[in-house]
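Data block below; observations after.
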Amino acid sequence: MLLTEQQEMIQMVAKRIAKEKIALSAKDVDEGGHLSWENVRIMGENGLFGVHVPEEYGGVGSDMVSHVAVVEEIAAVCASTSVTLSTQALTIAPFLIAGTEAQKRKYVTPLATGQVLGSFGITEPGAGSDVSSLKTTAVKSGDSYILNGHKVFITNAGESEIYVFVTRTSEERTRGISLFVVEKGTSGLTFGKKEDKMGIRGSVTREIFLENVVVPKENMIGEEGHGFKVLMNVFNETRPVVGAQATGIARGAYEYCLNYVKERKQFNRPLHQFQMVQAMLADMAMRIEASRLLVWKAASLIDQNSPNVIAQSSMAKCFASDTAMEVTTNAVQLLGGYGYIKDYPVERMMRDAKITQIYEGTNQIQRIIIANQLINQD
Ligand SMILES: Cc1cc2nc3c(=O)[nH]c(=O)nc-3n(C[C@H](O)[C@H](O)[C@H](O)COP(=O)(O)OP(=O)(O)OC[C@H]3O[C@@H](n4cnc5c(N)ncnc54)[C@H](O)[C@@H]3O)c2cc1C
């Protein structure tokens, strides 16, 4: 058995909620293109936002393996809803890694309990893969900092109460980067229109504008100029979470497809009796299993505070998201024309899968990270 009794119990809770509650609204959430606050409430009430967060900060006090197991279960039925889970973990991470005790109590607790949502603003119009070229500035003024800049593609922007921003406090490329927390309602913090997306349509994505946003110096997370290092550590922890999301999306599509090929007959035989179909099913199942193992290994290295987590996290994210794209595309293929129709969920799953190859570092960037780690290893 790969999971401990506690991890398995948490996974079972998520599986039950996914099946009995979240799955029922997945089609509407996608078609409506809005965040489901009902799903946020359900996940919050059941402690799913804070599975890996210590109990003193409102969490369940389990670990990252439990967290990725939860994300997979939710993503298997509704990828959009799983994005809220992964974005919450992304926002919590910098506080747990570098935050002060006061910051952890003030911000992590409401995030871990799902009382409020959080967003993490990294990407800018001119700074995507190359994060260190970001232009949003934070200028010291007495006991405060004044933030100015423009962030794009920010998940849950406008919906969240708590925002972490990656800013520039000096011209030095990576050593000039610092993180700040800003609360919704702060003067000068405004949001753009909701992006009209291909997939994860039930997850809201907006631009953010920061115009002379004044925050006290206590809102800096970690030390000035250390933001890039914190950010890289955050990604090491959150990329397996995207891997778990991708594994869930792939599994959802595979399970639907498996049932379908047992029922659907052509040439007087159910589809699953054709060897070419069997080979496709076997490949799907193999890749999903391998994805999960990579994700769980990365999560367990995070739990052990292992220095070897960098390549492993990128492998988990990259392999699982490539798998999600391949498996969902093949699921559509195996449903034939019906796979292309919105009445069947595999069409949504194929659209949802694509983003997992793009955000939290594209898969090209993951391959660069993996290669760098391999080449520079002792
Ligand atoms: C739905 C959605 C939600 C998102 N949520 C958030 C969020 O909550 N917070 C946030 O900060 N950001 C978020 N993002 C942004 C996301 O992380 C970026 O889009 C992503 O990192 C890629 O940046 P880019 O779009 O600028 O692409 P670019 O960096 O312009 O890349 C374009 C292409 O060039 C390739 N490329 C770039 N550099 C290299 C290289 N050195 N070698 C090889 N290939 C390269 C890339 O792999 C990609 O294929 C979100 C994006 C989307 C679409």
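The values are calculated or read from the model by the stated rules, or taken from the named source; none is laboratory data. For clarity, every value in this text was computed on a predicted model and none was experimentally measured. So basically every Cβ, Gly included, is an ideal-geometry build from the backbone, and we count neighbours across all protein chains shown. Heads up: the accessible areas ignore ligands, DNA and RNA and are worked out on the full protein's heavy atoms, side chains in. Shrake-Rupley method; radii C 1.70, N 1.55, O 1.52, S 1.80 Å.
For A69, indicate whether it is open to solvent by less than 10 Å² (accessible area, probe 1.4 Å), within 16 Å of the ligand (Cβ to nearest atom) and in a helix (DSSP H, G or I). Judged against the criteria, A69 is not a match.
Kindly establish whether T356 is away from the ligand (no atom under 16 Å from the Cβ) and modelled with pLDDT of 95 or more. Can you show your working first?
Details: away from the ligand (no atom under 16 Å from the Cβ): no; modelled with pLDDT of 95 or more: yes.
Judged against the criteria, T356 is not a match.
Take the conditions (1) of a type in the set (S, T, Y); (2) within 14 Å of the ligand (Cβ to nearest atom); (3) assigned by TED's automatic domain parsing to the domain that holds W37; T155 misses just one of them, which is (3).
Let's see how each residue does on (1) in contact with an Asp or Glu (Cβ under 7 Å, 6 or more places away or on another chain); (2) surrounded by 15 or more Cβ atoms within 10 Å (Cβ to Cβ):
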site: K229; (1), (2): no, yes
site: V241; (1), (2): no, yes
site: A250; (1), (2): no, yes
site: Y254; (1), (2): no, yes
site: C257; (1), (2): no, yes
site: E263; (1), (2): no, no
site: V277; (1), (2): no, yes
site: I302; (1), (2): yes, yes
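Scanning segment 314-353 for residues that are of a type outside the set (A, V, I, L, M), within 15 Å of the ligand (Cβ to nearest atom) and open to solvent by less than 10 Å² (accessible area, probe 1.4 Å) yields S314, K317, C318, S321, D352. Inside segment 40-87, residues that are out of contact with any Lys or Arg (no Cβ under 6 Å at 6 or more places or on another chain), in contact (Cβ under 8 Å) with a residue 60 or more places away in the chain and acidic (D, E) make up a count of 3.
Within segment 178-206, if we keep just the residues that are touching a residue at least 60 places away in the same chain (Cβ under 8 Å) and exposed (fewer than 15 other Cβ atoms within 10 Å of the Cβ), the residue that is nearest to the ligand (Cβ to nearest atom) turns out to be M198. Applying a threshold of 6 Å to beta carbon distances and a minimum spacing of six or more residues, or different chains, the list of pairs starting in segment 88-103 at a residue that is touching a residue at least 40 places away in the same chain (Cβ under 8 Å) and ending at one that is of a type in the set (K, R) reads F95/K104.
For (1) surrounded by fewer than 24 Cβ atoms within 10 Å (Cβ to Cβ); (2) farther than 14 Å from A244 by Cβ; (3) in the same structural domain as I22 (by TED's automatic domain parsing), each residue gets a yes or a no:
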{"residue": "A75", "(1), (2), (3)": "no, no, yes"}
{"residue": "S80", "(1), (2), (3)": "no, yes, yes"}
{"residue": "Q88", "(1), (2), (3)": "no, no, yes"}
{"residue": "T91", "(1), (2), (3)": "no, yes, yes"}
{"residue": "F95", "(1), (2), (3)": "no, yes, yes"}
{"residue": "T100", "(1), (2), (3)": "yes, yes, yes"}
{"residue": "K106", "(1), (2), (3)": "yes, yes, yes"}
{"residue": "L111", "(1), (2), (3)": "no, yes, yes"}
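One residue stands out among those in segment 343-370 that are in a loop (DSSP other than H, G, I, E, B) and without any contact (Cβ under 8 Å) to a residue 60 or more places away in the chain: the one that is nearest to V277 (Cα to Cα), which is D343.
If you filter segment 109-147 down to residues that are part of a helix (DSSP H, G or I) and in contact with a strand residue (DSSP E or B) (Cβ under 9 Å, 6 or more places away or on another chain), you find that the one that is farthest from the ligand (Cβ to nearest atom) is P110.
Contact map, segment 141-154: first residue free of Cβ contacts under 8 Å to residues at least 40 places away in the same chain and open to solvent by 20 Å² or more (accessible area, probe 1.4 Å), second residue of a type outside the set (S, T, N, Q) and more than 12 Å from the ligand (Cβ to nearest atom), Cβ cut-off under 9 Å, separation 6 or more or different chains; pairs are G142/K217.
Which of the residues that make up segment 170-228 are part of a loop (DSSP other than H, G, I, E, B) and charged (D, E, K, R)?
Matches in segment 170-228: E171, E172, R173, R175, K184, E195, D196, K197, R201, E223, E224.
For V215, the requirement of being open to solvent by less than 10 Å² (accessible area, probe 1.4 Å), within 14 Å of the ligand (Cβ to nearest atom) and not small (G, A, S) is not met.
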